[in-house]
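Inspection log for the structure reproduced underneath, given as structure tokens.
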Amino acid sequence: MLDYARSLFGSNTNIKVLTTKLLRKPTVPLQNYTISDIPERIPSSRMIACHTLPYPYAVFYCHTQKSETRLFRVSLGAENGDKVKAIAACHMDTSQWDLDHVSFRLLKIEPGSSPVCHFFPPDNLVWVSLSA
């Protein structure tokens, strides 16, 4: 993964890896969360998202986008008091996305009409370029 990140960002680029962090072990597998503080924008000139795939060993699907994506660190609080420092991505221009993308159906929006934001699960990695 590091070689892939360096091939996209450049070998002399400062790189940081971000993940969503559970601040304590969750006591229930699924629950609702609320944003508990103002999200902190993470400055980055580029990013690579790496999502885990369901294999019996560690396999990641990594990708990047040319359109603007903003990253945020977001404090979340659960109904039972669990706390998470989550990484969120907001895709600012969805005009080139497939018309059938699930986000458009869930959010009831059209391509390019609104940013689409999502959280990364704790087992995903987000590689960011720290250079301008």
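Looking only at the range 1-51, which residues are open to solvent by less than 50 Å² (accessible area, probe 1.4 Å), assigned to a strand (DSSP E or B) and not small (Gly, Ala, Ser)?
Ile15, Leu18, Ile42, Met47, Ile48, Cys50, His51, listed by residue number.
Just checking, how many residues over the range 64-110 are of a type in the set (Lys, Arg) and either open to solvent by less than 60 Å² (accessible area, probe 1.4 Å) or free of Cβ contacts under 8 Å to residues at least 24 places away in the same chain (or both)?
Step one: list which residues in the range 64-110 are of a type in the set (Lys, Arg), which gives 66, 70, 73, 83, 85, 105, 108.
Still in the running and either open to solvent by less than 60 Å² (accessible area, probe 1.4 Å) or free of Cβ contacts under 8 Å to residues at least 24 places away in the same chain (or both): 66, 105, 108.
Result for the range 64-110: 3.
Report, ordered by the first and then the second residue, all pairs with beta carbons closer than 6 Å, sequence separation of six or more or different chains, a first member in the range 15-44 that is free of Cβ contacts under 8 Å to residues at least 60 places away in the same chain, and a second member that is open to solvent by 100 Å² or more (accessible area, probe 1.4 Å) and part of a loop (DSSP other than H, G, I, E, B).
Final answer for the pair search is Gln31/Glu79; Asn32/Glu79.
The values are calculated or read from the model by the stated rules, or taken from the named source; none is laboratory data. Source: prediction; values computed, not measured. Every residue, glycine as well, gets a Cβ built from its backbone with ideal geometry; the counts of neighbours run over all protein chains shown. For the accessible areas, the whole protein counts, side chains as well, though only heavy atoms, and no ligand, DNA or RNA atoms are used. Shrake-Rupley method; radii C 1.70, N 1.55, O 1.52, S 1.80 Å.
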